[in-house]
1. Relative contact order of the chain, please, whole-number percent, based on alpha carbon pairs below 8 angstrom and at least 6 residues apart.
2. Given a 10 angstrom Cα cut-off, can you work out which residue in Ile118, Ile127, Ile153 is the most mobile in a GNM of the chain?
3. How many nm separate the modelled label positions at Asn46 and Ile153, each set 7 Å beyond the Cα in the direction of the Cβ?
4. Which value at 222 nm does the chain reach when only helices count, each DSSP H run of 4 or more adding -39,500 (n - 2.57), with the total divided by all residues and rounded to the nearest 500 deg cm²/dmol?
5. Grab the Cα-Cα distance for Arg32 and Leu225, subtract it from 0.36 nm times how many residues apart they are, and report the gain in nm with one decimal.
6. Taking amide H atoms as placed 1.01 Å from N in the peptide plane, list the residues 5 or more away in sequence, or in a different chain, whose amide H sits under 5 Å from that of Val4.
7. For Lys183, give me every one of the lysines with a C-alpha distance below 22 angstrom, ignoring sequence neighbours fewer than eight places off in its own chain.
8. For a quick check, take a GNM of the chain with Cα springs below 10 Å and name the residue from Ile34, Ile146, Ile197 with the largest mean-square fluctuation.
Amino acid sequence: MIAVVLPAAGAGERFKSKPTDLPKQFLGLAGRPIYLWALSTFAAHNSIDKIVVVVPDGSLDTVRVEISNVLPKYAHKISVTAGGSTRQHSVHNGLEHLSALDAHPDYVLVHDAARPLITSALIDSVILSVTKHGASTVAMQVTDTIKRAKDNIVGDTLDRSELVQIQTPQAGRFDWMLDAHRKARAENFSTTDDSTILEYGGHKVHIVAGSPYNLKITNPEDLLLCHSLAQLIDKSS
Ligand code: CTP
Ligand code: MG
């Protein structure tokens, strides 16, 4: 059994112009909330048996209702649970929710709800990699020159051939991912992604080639880009 944790409990501070604005994952992208894009793609994927959407405490009911209205065909395989104060905490909550089920998943994929344009083909590649290696992440070769910088002055140039840009999904054997998260929590280790958590748990994380379309909506310009890409995707499908 393969499960997905979709962290969607962030406040979206870098995106917001006012602290009271809705978190970015609940804003509209071509007619539906951003988090529903990735959720719909995972829900419609034949190899995905279970999805946990992790949302802010106050949004649990709204999101449950929205999912049963918009994705009635798949609602049986989707649960909604509350997140925590960091992404790591939210993902851990999602994993503990899965571990409380009667049947544990064999593998779990963790995907940012803020990356709406994930494709079924990329999910296939991640599943192929994680079922072979046990721990995987999507990543892209870096194409720009990357330098260190301090006080607005550039310094050393890093060797681009050794650098990758990490995306999600990040995936692992479920027991590896859960144990690594529990260890990180117990030892106060904090990081922003699950490939680092898997490494912390002692696992080699294999790379799956990502795509520039699988971008994360972080700042308002990213939503504009996704709007254009979503229209192109609509026209081509
Ligand atoms: N996330 C989460 N719980 C948190 C923080 C983040 O579930 N406490 C989720 C976000 O909702 C998002 C994903 O993790 O889908 C990636 O995080 P990021 O892009 O950093 O989103 P935010 O933390 O919401 O944004 P910011 O860092 O600008 O506040
Ligand atoms: Mg964040």
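1. Details: 427 pairs, mean separation 53.9, N = 237.
Here the relative contact order equals 23 percent.
2. Evaluated over the chain, the most mobile residue of the options is Ile153.
3. Distance between the two pseudo-spin positions: 6.0 nm.
4. On the way: 7 runs with 85 residues, N = 237.
Roughly -11000 deg cm²/dmol at 222 nm, from the helical runs in the chain.
5. 67.9 nm
6. For Val4, whose amide H was placed from the backbone, the distant partners under 5 Å are Lys50, Ile51, Val52, Leu109.
7. Straight-line reach from Lys183, under 22 Å: Lys204.
8. Largest GNM mean-square fluctuation: Ile146.
The values are calculated or read from the model by the stated rules, or taken from the named source; none is laboratory data. Here the structure is a predicted model, which is why all the values come from computation and not from measurement. Every residue, glycine among them, receives a Cβ derived from its backbone with ideal geometry; neighbour counts consider all protein chains shown. Calculation scope for accessible area: heavy atoms of the full protein, side chains included, ligands and nucleic acids excluded. Shrake-Rupley method; radii C 1.70, N 1.55, O 1.52, S 1.80 Å.
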